[in-house]
Amino acid sequence: MVKNSIKKDAESINDFNEAIKLDSLYTKAFVGRGVAKSHLGDYNAALIDYTKAIKINSGKENAVAYYNSGNMKVKLNDLVGALKDYYIAYKYGYMDAKNEIKRISK
């Protein structure tokens, strides 16, 4: 079961790589690739992808990139950075970020 999940994430990364080659401004491909990389435990690489998505589009339609970036920063023990990302995600309407803000702020 775990082996299939790892294989699926690796295949997804390849698919997202192809999408990014076709459109280097396709933020959803960066976010999706970041999710797959985080599933594989590559938190630094996932954070890089979320950061790229945010640099391409820092608007509210990319709130999930801020939220996921916050998640990676928590994994990497950057709680201040995570809080900043969660606040932006929440400001842009990503309601799950509110719970993370509360959890970290304790």
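The values are calculated or read from the model by the stated rules, or taken from the named source; none is laboratory data. Since the model is a prediction, treat every value here as computed from it, not as a measurement. Virtual Cβ from ideal backbone geometry, glycine too; neighbours counted across all protein chains shown.
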Any residue at all in segment 43-53 that's modelled with pLDDT under 95, surrounded by fewer than 21 Cβ atoms within 10 Å (Cβ to Cβ) and under 25 Å from S12 (Cβ atoms)? no
Consider N62 against the criteria (1) more than 29 Å from I104 (Cα to Cα); (2) in a helix (DSSP H, G or I): it satisfies all of them except one. Which criterion is unmet? (1)
Only one of S24, S105, S12 is loosely packed, with under 14 Cβ neighbours inside 10 Å, touching a helix residue (DSSP H, G or I) at 6+ places or on another chain (Cβ under 9 Å) and at pLDDT below 95. Can you tell me which? S105
Do we find that Y90 is under 28 Å from K7 (Cβ atoms) and either touching a residue at least 12 places away in the same chain (Cβ under 8 Å) or surrounded by 15 or more Cβ atoms within 10 Å (Cβ to Cβ) (or both) in this structure? no
If only one of V31, V74, V80 is assigned to a helix (DSSP H, G or I), at pLDDT 95 or above, among the β-branched types (V, I, T) and within 9 Å of the chain's Cα centre (by Cα), which one is it? V31
Give the residues of segment 47-106 that are under 11 Å from V31 (Cα atoms) and of a type in the set (K, R), sorted by residue number. K52
Quick one: which of S38, S69, S58, S24 is of a type in the set (G, A, S) and either in contact with a Cys (Cβ under 7 Å, 6 or more places away or on another chain) or closer than 15 Å to E100 by Cα (or both)? S69
